[in-house]
Amino acid sequence: MIRICPNCGENTYVEQEQTVDLSKTLKQWEVEIGAKFQPETLSEYEGKHSQLYKCSSCNFGAFIPAHAGTANFYNDITVDSDYYVHEKWEFKKTFKLIKKYNIQNILDYGCGGGSFLKQVLQKFPHIALDGFDQNPQANLAFGNSAIGFVNDLKKHQGKKYDMLTAFQIL
């Protein structure tokens, strides 16, 4: 099957031979990196597959359909506190942009445990901060801080932000 490439717009996005069985992938994670998935989590991915597509024009590739992580999946992988990286080179560059453009409010999409937002709060306490993450457990990291956790973007439709960040998300 040929589709339109989401990257270049050409009608050259071609189905490849590679298919991924998500339940097998989770089991492979358990063996290779020591991840521990609960039986409920494994059952949520039973029978789910994705097909690799690749563009013959621009070489962009992705698996279709994309499957978002479930609440159980994120709960299982975030048991290890090292899951979210707390220091990233992008943060330092973004701090400079915040200062340069006098940013007053930020939404961090895919915020995880809020490492970036917590650092912004320390450096720029006057800025209004919201974080969004598909992992419902992520909001526990915010505690009673001044950072808002957005768990439903539709409820925030129309809210304007001076800056939207999305560090290393898929």
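The values are calculated or read from the model by the stated rules, or taken from the named source; none is laboratory data. All values reported here derive from a predicted model rather than from experimental measurement. Neighbour counts run over all protein chains shown; Cβ positions are idealised from the backbone, glycine included. For the accessible areas, the whole protein counts, side chains as well, though only heavy atoms, and no ligand, DNA or RNA atoms are used. Shrake-Rupley method; radii C 1.70, N 1.55, O 1.52, S 1.80 Å.
Within region 41-79, count every residue that is free of Cβ contacts under 8 Å to residues at least 12 places away in the same chain and either over 14 Å from Gln16 (Cα atoms) or of a type in the set (Gly, Ala, Ser) (or both).
Residues flagged as free of Cβ contacts under 8 Å to residues at least 12 places away in the same chain and either over 14 Å from Gln16 (Cα atoms) or of a type in the set (Gly, Ala, Ser) (or both) within region 41-79 amount to 1.
Tally time: how many residues in region 115-126 are of a type in the set (A, V, I, L, M) and open to solvent by 10 Å² or more (accessible area, probe 1.4 Å)?
1
What tally of residues in region 138-167 results from selecting those that are assigned to a helix (DSSP H, G or I), buried (at least 17 other Cβ atoms within 10 Å of the Cβ) and either touching an Asp or Glu at 6+ places or on another chain (Cβ under 9 Å) or of a type outside the set (A, V, I, L, M) (or both)?
At the first step, the residues of region 138-167 found to be assigned to a helix (DSSP H, G or I) are 138-142, 153-156.
When the remaining residues are screened for being buried (at least 17 other Cβ atoms within 10 Å of the Cβ), the result is 138-139, 141-142.
If we keep only those that are either touching an Asp or Glu at 6+ places or on another chain (Cβ under 9 Å) or of a type outside the set (A, V, I, L, M) (or both) as well, we get 139, 142.
So the answer is 2.
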